[in-house]
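All remarks here apply to the structure that follows.
FYI, it's all coordinate maths here, none of it is from the lab. Since the structure is predicted, the reported quantities are computational estimates derived from the model, not experimental observations. Backbone-built Cβ (ideal geometry, glycine too); neighbour counts: all protein chains shown.
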């Protein structure tokens, strides 16, 4: 499995917003070296997933709406990419002629095991832990004045 650029950029976006400040798309792109053409698409997906919100206007920008200890890398990746699979045969509804009840595919069973480990590891740490930010000492969510 290879994480897409979009997943990488989404994680970087969360990283810059983790300080608790509202950031413009331009500021996010400049700070995290994200191509501008990806930014709005990623932010829209993160917003739909309930991770970020935006405020329009001259003092507008994007900000986190969840605390850093309430979500993980899996939440970010699944918000922007539905393809979190080691291989195609692990998707729901996927039918592989080499993996049937009569002749089970041993490789498929290993892929299932590895897939569950991968997902468990992506869920194991909160973003607070990954970024090593103490939510008690910093304000992880932008607060409207």
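See the values below:
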item: Selection within segment 1-21 - closer than 16 Å to residue 82 by Cα and either in contact with a helix residue (DSSP H, G or I) (Cβ under 6 Å, 6 or more places away or on another chain) or crowded, with 18+ Cβ neighbours inside 10 Å (or both); result: 6, 7, 9, 10, 11
item: Residues satisfying the stated conditions in segment 22-52, i.e. assigned to a loop (DSSP other than H, G, I, E, B), out of contact with any strand residue (DSSP E or B) (no Cβ under 7 Å at 6 or more places or on another chain) and either in contact (Cβ under 8 Å) with a residue 40 or more places away in the chain or surrounded by fewer than 18 Cβ atoms within 10 Å (Cβ to Cβ) (or both); result: 33, 35, 49, 50
item: Which listed residue, of 74, 62, is surrounded by 13 or more Cβ atoms within 10 Å (Cβ to Cβ), touching a strand residue (DSSP E or B) at 6+ places or on another chain (Cβ under 8 Å) and not in a loop (DSSP other than H, G, I, E, B); result: 62
item: Selection count where residues are touching a strand residue (DSSP E or B) at 6+ places or on another chain (Cβ under 8 Å) and either farther than 18 Å from residue 51 by Cβ or surrounded by fewer than 12 Cβ atoms within 10 Å (Cβ to Cβ) (or both), scope segment 102-132; result: 1
